[in-house]
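Below is one structure, written out as structure tokens; comments come after it.
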Amino acid sequence: MISNTRYWFLLFLVVLVYIAGMFVTLFENDSAQFAVMAMRMVQEHDFLSLFKGTEEYLDKPHMHYWLAALSFKIFGLHDWAYRIPGILATLLGAYSCFGLGRLLYNPNVGRLAALIFMTSQTIVLGAIDVRTDAVLTGFSVFAIWHLAAYIEKNSLKHMVLGAFGAGIAFSTKGQIALLVIGLPILCHLAYARKWKMFLNWRVLMGILVFAVVITPMLYAYYHQFDLHPEKVIRGKSNRSGIFFIFWEQSFERLSGEGVGKNSSDYFFFFHTFLWVFLPWTVVGLLAYWQKARTLIQSKFKYVPKQEFLTLGGITLIFIIISFAQFKLPHYLNITMPLFAVLSAGYLYGLHTEKDKRVKKILLGFQYFILGVVFIATTLISFFVFKGETYYNYIWKLVLGAFIVYYCLKREEYYYRIITIGAVSSILLNGVLNTHFYPSLLEYQAGSTMARTIKENNISTDNVYKVSKNHTWALDFYNQKPVKIISIRELKGRKDVWVYANDKELEALKDSGLDWNKQLIEKQFRITRLQGRFLNPDTRKKVVNEMHLVHIY
């Protein structure tokens, strides 16, 4: 393993990257939407009901929103406060990767697994663009670690902690939590032939703890939906929240019913993995192949110091989520801890081997990834968005010198593979969090318009919109959901501001309404980047405008 000094210094740099991302403006849609939902809990003093705009929200359980609301209660309504629970859950996930790696292999593998997990691209992004997956991932791997430890040590403490983690994960995203926790544990039980661990009073204690932990979430669902069968949710009445979370939710995701269909590509997650696990993608693929080959050659015969938890869990989860008709890249976040432990075990195994051929090839890939990252960060800094502040150049020069030093330093390939991989992630995400995202979010009209409203001392009580289009960023940064009003109702009102796009502005004009002030902000769907936007010469062709007009 690399030295303690280098290891903790790399982790320190990673944490700095996470902290820098805490203060970035919230992204639309999900981050800003979830922040608004938690904000409404605090403002309306209603912690049992979830609303998405004007509609009652059935899709996901309450835990993520409760944690965000708790953070808001403690720290105030700030974007960085919204991110705190997700970042803490990510740190818990990293510590759990250490614990799981130590349990399945040794402490050195555990330490490396934590570093790989925290520098994986989708995990870093998930701590900035915070959705339910950050809490789900952190508590799922926490549960996997402790339940696996229970199987190995027959300890009540580990059963209770594992059940607690599973309960929090289930209360965050529902049945998918039981899937991603249960499948790796079943694989571990099957490989170790320890099925008798199910026949134990400690399992009953675990079930009891799990039931107690999920009870608040079940009560909230019962209060909002089961007590009100007259409510029509997604075109259906008599919706039971408890029945939904225990049965309907996963089938809706798999079929696309209710949430819609966005991909029937069964290989979606296979090619998505190529970027979400950067800069460790090649390491992860080789680790998976080597582990699969070893287990097949041994005909899955139990061998001490071998494990099937990571490989089996990854394989089964991939197969199941690939059949879902609604897919998004961050659905893979739940597999990152397993990949981190598997990859760390593989790298440590290479370190103990005398054959340098594979290590040399891996180092070549890590240098290639670093080269791509260097080109990307240079383009971002000097072409895509120009005009950085001087302190940004200072830290980049210092980090650049650090990277050059370790690129040129003569040391074992194993140390360089780890170091180059980690600094690639630190460089890329440092530039993204301090320069790219802040510049990009200048094109998110909701957040920039909220700033303009504040600068012009406009009362948020007088801001309306004439459509049901969601305005999450404007809602959050105004700290007040924008009220909907019809054009007909507007005709009888004076001294109001209307937030509208080009088409809605034209409808206002056609209705005979007039305004004496107009504020304009640039708008682009920032989560769907394209080449014409990234190119400054063609950016104007794809950027739209949002307007705030004063009806007098």
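All of the numbers you see were taken from the coordinates with simple rules; none came from a lab. In this text the structure is predicted, and so the values were computed from the model without any measurement. Cβ: placed from backbone, ideal geometry, glycine included. Neighbour counts: every protein chain shown.
Against the main long axis of the alpha-carbon atoms of the chain, helix 132-153 sits at an angle near 20°.
Computing volume of the Cα convex hull per residue in Å³ for the structure here picks out one of (1) 202; (2) 166; (3) 184, namely (2).
D for segment 334-435, whole µm²/s, Stokes-Einstein with Kirkwood Rh over alpha-carbon pairs at 25 °C and 0.890 mPa s: what number?
Numbers: Rh = 15.1 Å.
Here the translational diffusion coefficient equals 163 µm²/s.
Relative to the longest principal axis of the Cα atoms of the chain, the long axis of helix 63-75 lies at roughly 70 degrees.
Which links in Lys173/Lys231; Lys194/Lys327; Lys236/Lys503; Lys73/Lys173 stretch past 25 Å when you go from one Cα to the other? Kindly include the intermediate steps, with their values, before the conclusion.
On the way: Lys173/Lys231 22 Å; Lys194/Lys327 35 Å; Lys236/Lys503 32 Å; Lys73/Lys173 23 Å.
Checking Cα-Cα distances, Lys194/Lys327; Lys236/Lys503 exceed 25 Å.
Relative contact order of segment 146-286, taken over Cα pairs closer than 8 Å and 6 or more residues apart, is 19 percent.
According to the Cα-based calculation, Rg over Rh for segment 450-513 is 0.95, with Rh computed by the Kirkwood formula. A simple spin-label model places the labels of Glu353 and Asn29 4.6 nm from each other, with each point 7 Å out along Cα-to-Cβ. One chain, two ends: Phe75 and Ser237. Fully extended at 0.36 nm per residue, the span grows by 54.5 nm beyond their Cα-Cα distance. Angle of helix 156-173 to the longest C-alpha principal axis of the chain, folded into 0 to 90 degrees and rounded to 10: 30°. In this entry, segment 27-69 is assigned a mean projected area of 2.8 nm², taken as a quarter of its C-alpha convex hull surface. Computed from the C-beta positions of Lys509 and Gln325, the FRET efficiency with R₀ = 56 Å rounds to 0.85. Among the GluC sites (Glu not before Pro) within segment 386-488, those in coil by DSSP and having at most 14 neighbouring Cβ atoms inside 10 Å are Glu411, Glu412. Partner aspartates and glutamates whose Cα lies under 19 Å from the Cα of Lys359, excluding those fewer than 8 positions away in the same chain, are identified as Glu411, Glu412.
Would you mind finding the longest exposed-site-free stretch of the chain, with exposed trypsin sites (Lys or Arg not before Pro) meaning DSSP loop and at most 12 other Cβ atoms within 10 Å? Write down the numbers at each step before the final one.
Working: sites that count: Arg193, Lys261, Lys299, Lys301, Lys305, Lys354, Lys386, Lys409, Arg410, Lys468, Lys491, Lys494, Arg528.
Of all site-free stretches, the longest is 1-192.
Counting charges near Glu55 (Lys, Arg +1; Asp, Glu -1) among other residues having Cβ under 11 Å from its Cβ returns a value of +2.
May I ask you to compute the full-extension gain from Asn462 to Leu285, defined as 0.36 nm times their residue separation minus their alpha-carbon distance, rounded to one decimal in nm? Don't skip to the end; give the middle numbers.
Numbers: separation 177, 0.36 × 177 = 63.72 nm, distance 5.53 nm.
Taking Asn462 through Leu285 to full extension adds about 58.2 nm, to one decimal.
Select from segment 265-319 those chymotrypsin sites (Phe, Trp or Tyr not before Pro) which occupy a DSSP coil region and have at most 14 other Cβ atoms within 10 Å, ordered by residue number.
Working: sites: Tyr266, Phe267, Phe268, Phe269, Phe270, Phe273, Trp275, Phe277, Trp280, Tyr288, Trp289, Phe300, Tyr302, Phe308, Phe318; in loops: Tyr266, Phe267, Phe277, Trp280, Phe300, Tyr302, Phe308.
Those that pass, being in a loop and sparsely packed, are Tyr266, Phe267, Phe300, Tyr302.
Most simply put, the chain has about 75% antiparallel DSSP beta bridges, counting only bridges with both residues inside it.
Our estimate of slack between Cys407 and Phe270, defined as 0.36 nm per intervening residue step minus the Cα-Cα distance, is 46.3 nm.
When the helices of the chain are scored as -39500 (n - 2.57) per DSSP H run of n ≥ 4 and the total is divided over every residue, the value at 222 nm lands at -19500 deg cm²/dmol.
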